[in-house]
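K.L.:
Below you'll find the structure I mean.
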Amino acid sequence: YGTPISQSQNPADNSGILRYVRIEYAGYAFLPDKEINGLTLGGVGNQTVIDYVQVAYANDDSFEWFGGTVNCKHLIAYKGLDDDFDTDNGYSGKVQFAIGFRDSSVADISGSNGFESDNDAGGSATLPQTSAVFSNVTLVGPRATLSNVGNSNFKRGIHARRNSAISVFNTIVMGWPTGWLVDASTGTCTDLNLTGSSPKAVYANNMVAGNSTQLNYTPNQTNPTTFI
């Protein structure tokens, strides 16, 4: 299983191989806003293999990364309670070929999203900055039709906030109350650098459609429609 090593010492840590695994009914909220996820990856390095993993019916986030550099492929988040894919505390790996699929009646009181991404809980500029790259993802929200209300705790397909600098490519976001929320109250707009030439975060070649609201953004930032 490898030897756990601090990511500040060894971003190429090898914590072993997790391949062709199905995790069901995991996760637990032991205190408000303090939960155990379906699969939690804390400071895992990029020599670790996470491939062909399905998390089903998780009682919190299906997948969550706290820091680390691990790259993951072929992930399925199926009918979880909270977020499908949650990134925090400087996670900088790459995730490719993934799907999130929701049950319209089951959502978390904290607000359930497809992607939820923070640099940290306070939105600080602490390094390393959360800069994960998601590619070739399908986020199927709770609404089979626009008139299907579903659980009122469902929120957004993508929620980038608190100075996160995640990038998203070749991704479909559909069937959510809000497709994409750019929450720039603490730095995310600066990371996107909508008027500059070298943004930290890039959203490109994505389809955001079939949501009640396709795009929303916090009022203290530039309207991102010019950039998409």
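K.L.:
Given Cα pairs under 8 Å that are at least 6 residues apart, what percent is the relative contact order of segment 1-108? Walk me through the numbers on the way to the answer.
P.N.:
Values: 307 pairs, mean separation 24.4, N = 108.
Computed over segment 1-108, the figure is 23 percent.
K.L.:
Continuing with the same structure: At 1.4 Å probe size, with every protein chain present, just tell me what the per residue accessible area of the chain comes to in Å². Don't skip to the end; give the middle numbers.
P.N.:
On the way: 10510 Å² over 228 residues.
I get 46 Å² per residue for the chain.
K.L.:
Let me ask you something else. Lys and Arg at +1, Asp and Glu at -1: add these up for the other residues within a Cβ distance under 12 Å of His159 and post the number.
P.N.:
Within the 12 Å Cβ shell, the charges total -3.
K.L.:
What 222 nm value per residue comes from the helices of the chain, counting each DSSP H run with n ≥ 4 as -39,500 (n - 2.57) and dividing by all residues, nearest 500 deg cm²/dmol?
P.N.:
On the way: 1 runs with 5 residues, N = 228.
Computed ellipticity for the chain at 222 nm equals -500 deg cm²/dmol.
K.L.:
So what is Rg over Rh here for the chain, counting just Cα atoms and using Kirkwood for Rh? List each step's numbers first, then the result.
P.N.:
On the way: Rg = 16.5 Å, Rh = 17.4 Å.
Here the Rg-to-Rh quotient is 0.95.
K.L.:
Mind listing the long-range amide H neighbours of Val95? Cut-off is under 5 Å, sequence gap 5 or more, other chains count too, H placed in the peptide plane at 1.01 Å from N.
P.N.:
When sequence neighbours closer than 5 places are left aside, the close amide H contacts are Cys72, Val133, Phe134, Ser135.
K.L.:
Once the other residues with Cβ under 12 Å from the Cβ of Ile36 are scored (Lys, Arg +1; Asp, Glu -1), what is the net sum?
P.N.:
On the way: positive: Lys34; negative: Glu35, Asp60, Asp61, Glu64, Asp82.
With Lys, Arg at +1 and Asp, Glu at -1, the net is -4.
K.L.:
Students often get this wrong: which residues of segment 106-136 have the backbone nitrogen under 12 Å from the point 7 angstrom along Cα-to-C-beta of Asn170?
P.N.:
Counting backbone N atoms under 12 Å from the label point, the list is 134-136.
K.L.:
Straight-line reach from Lys155: which lysines fall under 20 Å, measuring Cα to Cα and dropping same-chain residues less than 8 apart?
P.N.:
Partners found: Lys34, Lys79.
K.L.:
Moving on to the next point. Could you work out the mean projected area of the convex hull around the alpha carbons of segment 116-155, in square nanometres to one decimal?
P.N.:
If you wrap the Cα atoms of segment 116-155 in a convex hull and average its projections, you get 4.4 nm².
The values are calculated or read from the model by the stated rules, or taken from the named source; none is laboratory data. If you're wondering where the values come from, they're calculated on a predicted model, not measured in any experiment. Here Cβ is always computed from backbone atoms with ideal geometry, including for glycine, and neighbour counts include all displayed protein chains. Remember, those area values only see protein heavy atoms, side chains included, never the ligands or the DNA or RNA. Shrake-Rupley method; radii C 1.70, N 1.55, O 1.52, S 1.80 Å.
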